[in-house]
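Participant: Pasting a structure below so you can have a look.
The values are calculated or read from the model by the stated rules, or taken from the named source; none is laboratory data. Since we're looking at a predicted model, the values are computed, not measured. Please note: Cβ atoms are built from the backbone with ideal geometry, for glycine as well, and neighbour counts cover all protein chains shown. The area values use the complete protein model at the heavy-atom level, side chains included, leaving out ligands, DNA and RNA. Shrake-Rupley method; radii C 1.70, N 1.55, O 1.52, S 1.80 Å.
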Amino acid sequence: MHAKTVKQNKAELIVVGIAVVAFVLGLVAHLAGASFANSDFFGYIAAPIPLVLGIIFLISYKIAEAAED
């Protein structure tokens, strides 16, 4: 078993931070959806959430991939 490098530790912290941000974003979108379910405004909030989460996950994947040597 190999010891982790400083680069790997930093990347893990960044990816965990991004995961927390994605979780909070999803939670806020869920609550916004519940609050605005009877409004047309709901679509403006709910529609871009999958795209935003996909971009966040892609960024975290690229960071984790770059940490592996």
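Participant: List the residue pairs whose Cβ atoms are under 8 Å apart, where the first residue sits in region 32-58 and is under 30 Å from Val16 (Cβ atoms), the second is at pLDDT 70 or above and not aliphatic (A, V, I, L, M), and the two are 6 or more positions apart or on different chains.
Facilitator: Pairs that qualify, where the first residue is under 30 Å from Val16 (Cβ atoms) and the partner is at pLDDT 70 or above and not aliphatic (A, V, I, L, M), are Ile49/Gly26; Leu53/Gly26.
Participant: Which residue pairs have Cβ atoms under 7 Å apart, sit 6 or more places apart or on different chains, and have a first residue in region 1-26 that is closer than 14 Å to Ala66 by Cβ and a second that is assigned to a helix (DSSP H, G or I) and of a type in the set (Val, Ile, Thr)?
Facilitator: Every condition considered, the pairs that remain are Ala11/Ile63; Ile14/Ile63; Val15/Ile63; Ile18/Ile56; Ile18/Ile59.
Participant: State which residue is least open to solvent (accessible area, probe 1.4 Å) when the search covers only region 21-69 and only residues that are of a type outside the set (Asp, Glu), in a loop (DSSP other than H, G, I, E, B) and at pLDDT below 75.
Facilitator: In this case the residue turns out to be Ser39.
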